[in-house]
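In what follows, a single structure is set out as structure tokens and then discussed.
What follows is calculated from the coordinates using simple rules that are stated; it is not laboratory data. What you see is a predicted model; the values in this text were computed from it and never measured. Neighbour counts are summed over all protein chains in view; Cβ atoms, including those assigned to glycine, are modelled from backbone coordinates with ideal geometry.
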Amino acid sequence: MAVAFNNSLTAQTTPGRAQLTASAAVAEAVATPPARIAPNDNRRPAGRFYKGVLTLHLEVREGLLFPEEQGGPSVPALAFAEIGRAPEVPGPLVRVRQGTEIRVSVRNPFRDSVITVYGLQAHPATQDTGLRIPPGATRNASFQAESPGTYHYWGTTGSRGIEDRKWFESQLSGAFIVDPPNAPTDGRVFVIGDWFRPADSSSSDASLLKDASTMVINGRSWPHTERFFFNQGDSVRWRWINTTGVAHPMHLHGFYFHVESRGDGRSEQVYRGDARPFVVTNLMLPGETMGIAWVPEREGNWVFHCHFAFHVSHHVALARPSSAASSAGMHAPRGGPAGSHTPHQMAGLVLGITVRPAPGARKVEITAPKARDIRLLAQISPRRFGKFSGFGYVVQQGAAAPARDSVMIPGPMLVLRRGEPVRVTVVNNLPEATAVHWHGIELESFPDGVPGWSGVPGRIMPPIAPADSFVAEFVPPRTGTFIYHTHSNEQLQMGSGLYGALLVVDPDRPYDPATDKVIMVGGGGPADSLPEFGFQSPGLVNGSPAPPPLELRAGTSYRLRFININPDWRVIFSLMSEAGFASWRPVAKDGADLPAPQRVERPAYLLTGPGETADFEFTPATRGELRLEVKTMVPGWIIPIVVRVR
Ligand SMILES: [Cu+2]
């Protein structure tokens, strides 16, 4: 096996030239089939613990990872194994108490590839030179577990960083947890993995002619990820580790969570009390970690997922339920014909959570006789983006339905009042099924908007079929900046315009457009995320590629509400004068007001992931011109907004 593997590793020096397991002839010469890589739920600490010392023997193995059904599709990958056990993705869990001495060895079984493993060292670590293991060798590391925290270890066969590992080594990652003395050690640990093999157009193997991609949480992809069952009122503590080369804005439905720590794998920052971010979405960059705590307060089915549309799309499913192909101008919904959506329509980075009602818990009746009625139509406007349709919302005014092609992108801003019941009738005038998620709103599960999943036993929210409608009732409990958006086929539907701002205000402090400014970045057509359409624009600001100037008055305080609901791009907002960054005061994140210690004036620079909102107070001191820059990571994609202060 090592021979077959070495051949392919050598071939990989020319990117994309070979499969992990080389030719059929070589495979035939290998006596044993490739090892099955076991998904690792990170519950069993690896190694042997004796008298304050953890001894752990690891090796790197070749194997097949099955992120979906057992017996389903698999992908070849390198994985860490504890010697004597199956290789695992993520790698064996290193979990010890502070003060433990760790003696770890790593074996490199391959004949001509050096493996370098990072992260097997004491924390915090200012630098990491890695444990370099020559071909056929074993190397040891011995160190003390010092600072408690969430860390990781990872390997590469080249000299690549965690951001640019090749597909075959992308799963060489494991969690490394140091628990403080006397604290519980049962908090769950999740490792996000990304396996992406680009197409090789020169291959004679048909399976290599197309990109292949899977994204996993603890070695599994939705709907095969572990299911979580909690009781109402439980206290949940999770540690997340992003071992991929890309960012993930991780979003929780229905509840806020506290971010208790953030790290880069080598060291971490711990937040306590009022310093803890209180959010529904936290952006994790490559190599980053986070510790979060939350309380499932309401019963029903919920999800915790990455908010990049691509990372939960059919592109990261190995088994496609049916042809998800789209041809120019025609959009086939994934998962089969319109209306056939199931919970399986999502893929990749999604966890399912079921909250059981506490005994005697109050049943919330959400049918309020005095609810405010809103009729929201999801419609199509042909040729809105060149030859492609816009998908958008429109609110019906009066008895007559709006024209079938009248859509707004973004959708009309919904301004709700805190504590006032609202009843939104969503009418689907699209040619495919849809659903609306009320992003950041603490509501009951049924109207939450994940078709085939949201709800309670016996009452699960269906996908809204074409020409059908759905009534979402809720009472927004908190003032702030929120989002409503489609939760179906997001790459197409959200990319093409099915998103809007949702503000919740206090009845005695109504929304005032003169001082309250929403800056919303969303998709600019299907091209931004569906490669088959060709790359066009990654996004629009308030629906425009060139928004009008923002007119402000010196000495007046403004609330700037930033929303990133772009399907697939991080967005940076910065407000600048000629002298550099202006300064603003953060006042809210994801709709929740910030506690006083976090409301500190700072340079006007904000990095966001999709699914994040942030509010700032800005008071221009003097007349003149400022520049609000909105940009993505796409080189050259920048939308400047002139800010005129009079
Ligand atoms: Cu993601």
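If we sort 626-637, 51-62 on the protection proxy, mean other Cβ atoms within 10 Å, highest first, what's the order?
Working: 626-637: 16.2, 51-62: 18.3.
The packing order, highest mean first, is 51-62, 626-637.
Post the alpha-carbon centroid distance, the range 188-206 to the range 31-63, in whole angstrom.
Taking the Cα centre of each part, the range 188-206 and the range 31-63 sit 23 Å apart.
What order, most packed first, do the peptides 216-223, 495-502, 381-388 have when packing is the mean number of other Cβ atoms within 10 Å of each residue?
On the way: 216-223: 24.1, 495-502: 29.2, 381-388: 15.8.
The most tightly packed comes first, giving 495-502, 216-223, 381-388.
For the chain, take the longest principal axis of its alpha carbons; what is the angle in degrees between that and the long axis of helix 2-11, to the nearest 10 within 0 to 90?
Its long axis makes an angle of about 50 degrees.
So what is the calculated 222 nm ellipticity per residue for the chain, using -39500 (n - 2.57) for each DSSP H run with n of 4 or more, over all residues, to the nearest 500 deg cm²/dmol?
Computed mean residue ellipticity for the chain: -1000 deg cm²/dmol.
Once R0 is set to 41 Å, what does the formula 1/(1 + (r/R0)^6) return for the Cβ-Cβ distance between E629 and A319, expressed as a FRET efficiency to the nearest 0.05?
Result of the calculation: an efficiency of 0.45.
Within the range 118-266, what percent of beta bridges assigned by DSSP are antiparallel, to the nearest 5?
75
Only bridges whose two residues both fall in the chain count here: according to DSSP, what percent of them are antiparallel, nearest 5? Each step should come with its number before you reach the end.
Numbers: 135 of 182 bridges.
Within the chain, antiparallel bridges account for around 75 percent of the total.
Aspartates and glutamates near K517 by alpha-carbon distance under 12 Å, same-chain residues fewer than 8 away left out - which ones?
Within the straight-line limit of under 12 Å, K517 reaches these aspartates and glutamates: E551, D615, E617.
In debye to the nearest 20, how big a dipole does the range 65-217 give about its Cα centre with +1 on each Lys and Arg Cβ and -1 on each Asp and Glu Cβ? Kindly include the intermediate steps, with their values, before the conclusion.
Numbers: 14 positive and 17 negative charges, 90 e Å.
In debye, rounded to 20, the range 65-217 gives about 420.
Have a look at the DSSP beta bridges in the range 408-561 and tell me what percent are antiparallel, nearest 5.
Percent antiparallel among DSSP bridges in the range 408-561 is about 75.
Taking 7 Å along the Cα-to-C-beta vector as the label spot, tell me the E146-R272 distance in nanometres, rounded to one decimal.
2.0
Roughly what percent of Cα-Cα pairs across the chain reach past 35 Å?
43
Give me the net charge of G287's neighbourhood, meaning all other residues with Cβ under 13 Å from the Cβ of G287; Lys, Arg count +1, Asp, Glu -1. Intermediate values should be presented prior to the final figure.
Numbers: positive: R160, R165, R262, R266; negative: D128, E163, D164, D194, D264, E268, E288.
Residues close to G287 contribute a combined charge of -3.
What is the Cα centroid distance between the range 228-292 and the range 599-646, reported in whole angstrom?
25
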